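Bear in mind that the values in this text are calculations on the coordinates, not laboratory data. Everything quoted here is computed from the prediction, not taken from an experiment. In this analysis, Cβ positions are derived from the backbone assuming ideal geometry, glycine residues included, and neighbour counts consider all displayed protein chains.
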Amino acid sequence: MTEDALLAEMRALQDNVPGITGTAVASRDGLIVRADTGGVDPDNLAAIAATWLALTQRMSREVGQGTLREAMTRSTGGYVAVYAIGASAVLVVIGDEGLDVTRLHRESTATREVIEALLSGPPVSARTA
Amino acid sequence: MSARSWGPADGPLGPLDQALRDCAAARFSGELHVIGAPGGMICLADGAVSAIETPWSPSPEVILLRSGRVTSADWEAAFTAATVARGRLSDELVTRGLVGAGELEAVLRTALADAMFAFAAGFVDTCRAEAGTPDFEMPLTPGAEADGLVAEALRRMEVLADFPGPPLHARARVTAAPRAAARRETTPDDGHDGALALIDGRRTIRDLAFARGRGLYVTTLEVARMRGNGLIAVPAADGQHPGDEDGDPQRKAAAVGPTAAGLPRRHKDRPAQPKRTGDADGRSLPAVLRLLRPRADGGPQAPRTVLTSNELGGM
Amino acid sequence: MGTSLQEALHQVLAAEGVRTVALIDIASGMVVRFVGEPNPGLATAAVSLADEARAARGLLGPRPGGDLEEIAAVTDSGLHLSRVLLDKPGEGFLLFVDVDRARANIALASLRVGQFAPAVLA
């Protein structure tokens with residue numbers, strides 16, 4: 001099941017980066033594809049994330065900064081980051097105050113590639129290392 | 001000593017032990033980068049430790065905020081004022097009466113000890129020193145003697161080693177045992193200072209520490225006690241999760257502590273293979289899965305295909 | 001000139017018969033700071049005292065009159081007084097004082113410690 005492979009990839013990211021408390025993959029039109037967020041409402045999360053990604057990508061273009069890599073909020077209680085997955089989806093990462101941000105930058109790239117392949121191609125197995 | 005590296009070494013702290021001693025002898029000021037799991041950064045002033053950052057140990061800010069000692073509104077106000085006045089956040093907090101000077105120093109010192117413990121509990125691969133005058137939010141001034149922090153970290157490792165059962169890994173997920181539910185109902189304070197309420201099967205020991213605003217060490221102690229009381233379960237070092245009903249093979253969790261030969265374990269945060277999944281968030285899988293595929297003409301996105309789980313059955 | 005915490009501990013140390021003063025973190029048993037005579041048994045005592053404080057609190061439970069205030073131990077050469085300070089964050093601290101019995105009695109020492117305790121974390 002693609003859904004299982006998606007979750008496995010999301011879980012792998014969470015295991016690899018200390019401080020991630022939840023992840024979600026949403027469609028660009030704001031619908032939740034897969035959520036692994038514990039208590040956070042996935043439908044609200046998906047809607048906000050899709051809008052936010054679109055806005056920040058627009059901002060990047062507006063100021064002539066090329067392709068958006070990551071949009072991140074930092075609050076007293078932690079972080080939320082969104083990433084584009086190809087042209088069709090959004091990856092949301094929620095982390096607490098101790099999130100290893102540097103590590104997230106590194107690890108999210110591979111995660112995004114795998115998820116993009118899972119969503120747009122024939123079924124592929126999740127990465128195993 | 002302007003720049004220097006220390007390669008892999010034996011012992012719970014790996015090369016960090018020697019690195020700290022060398023920095024103390026040289027009265028080094030600057031950043032000591034710790035590469036490992038966890039990695040982090042140690043800020044040194046005149047060879048003494050003034051601040052440590054690591055993803056496994058809550059910072060003094062997290063401790064003060066999460067415990068409710070300082071409200072986030074008061075914190076933000078102090079932070080803004082300190083930044084504008086180019087002063088120290090610690091001074092601003094004390095001036096505003098948000099925290100006592102002695103209390104803040106105690107919090108800073110215990111946080112440093114906890115961060116050092118986090119390095120000892122994890123795995124330090126290499127260290128690299130960069131001279132300079134780093135700018136940290138709440139440095140301990142004057143700094144703490146590194147050898148005292150190291151001794152305290154090792155003492156804590158020994159205390160934990162005395163608990164029965166397999167070693168507790170900071171990133172192992174903690175699950176409540178069936179007994180815990182009954183306990184929560186009958187004991188208003190669960191006897192573990194609210195820790196039991198936060199255990200949801202997702203949070204690791206490290207996550208619990210951050211969620212409560214307590215140190216990694218005291219949280220690990222609490223978890224060890226709860227495990228001893230049969231209230232919780234933690235996956236053992238070989239990755240087998242006791243009480244896993246459907247028998248899914250679990251990801252291996254790395255063990256901490258030296259191997260039988262006394263050598264440090266090579267610890268990797270990265271799992272050997274991704275965990276096979278059950279249901280992620282306790283709800284039944286949706287009957288319909290929408291897949292979006294980019295349109296060939298690059299036009300606006302719209303769902304091209306709606307597939308039922310039956311149709312997906314072969315995927 | 002030391003920090004506020006250091007000076008407050010020194011104030012307690014200045015009392016008659018006081019040999020060692022230490023601030024102990026109850027949750028971890030760690031000696032956060034100490035002043036006075038180096039005491040080789042301090043680290044071990046700190047862990048035990050912290051455990052005792054937690055056990056006593058567990059026994060006493062929340063009471064209308066208040067929580068655990070002080071632990072006193074009498075040894076052949078000294079008095080160990082541990083006064084509980086502050087609840088948040090964490091489980092609080094102990095202000096530990098080692099007093100020479102030949103030079104001060106328990107009542108006097110306790111009084112003195114009680115006078116200076118509030119200043120330690122302030």
Under the rule rounded for a/c under 1.5, else prolate if a/b exceeds b/c, else oblate, using alpha carbon gyration tensor axes a ≥ b ≥ c, region A:1-47 is classed as oblate
Quick one: if you stick a label point 7 Å off each Cα along the C-beta vector at C:A119 and A:R61, how many nm between them? 6.7
Going by Cα centres, region A:1-77 and region B:1-25 are how many Å apart? 39
Cβ neighbours within 10 Å from other chains - mean over B:208-214: 4
Net charge dipole size for region B:1-122 [Lys, Arg +1 and Asp, Glu -1 on Cβ; Debye, nearest 20]: 100
Compare the peptides A:24-32, A:71-79 by average per-residue count of other Cβ atoms within 10 angstrom and give them in order, highest first. A:24-32, A:71-79
Over what distance in Å are the Cα centres of region C:1-61 and region B:145-173 separated? 21
Using a cut-off of under 11 Å, list every residue of region A:1-30 whose amide N is near the label point 7 Å from the Cα of A:D43 along the Cα-to-beta-carbon line. none
Let me make sure I get this right: for chain A, a, b and c are the square roots of the gyration tensor eigenvalues over alpha carbons, sorted descending. Under 1.5 in a/c it's rounded, otherwise prolate if a/b > b/c, else oblate. Which is it? rounded
Determine the shielding of peptide B:105-112 by partner chains: average, over its residues, the number of Cβ atoms on other chains within 10 angstrom of each Cβ. 5
I need the helices of chain A that pass two filters: whole DSSP H segments spanning 24 Å or more by Cα along the axis, and mean Kyte-Doolittle score no lower than -1.0. A:42-62, A:101-120
Can you pull the one-decimal nm distance between simple spin-label points at B:A197 and B:Q18, each 7 Å off the Cα toward Cβ? 4.9
What is the distance, in nm, between label points placed 7 Å from the Cα along the Cα-to-Cβ direction at A:T109 and at B:T95? 4.4
Residue-averaged [θ]222 nm for chain A, counting only DSSP H segments that reach four residues, each worth -39500 (n - 2.57): -15000 deg cm²/dmol
By how many degrees, 0 to 90 and rounded to 10, does the Cα axis of helix C:42-60 deviate from the longest principal axis of chain C? 40
Count, for each residue of A:86-93, the Cβ atoms from other chains sitting within 10 Å of its Cβ, then give me the mean as a whole number. 3
Going by alpha carbons, how many degrees (0 to 90, nearest 10) lie between the helix axis of C:106-121 and the longest principal axis of chain C? 70
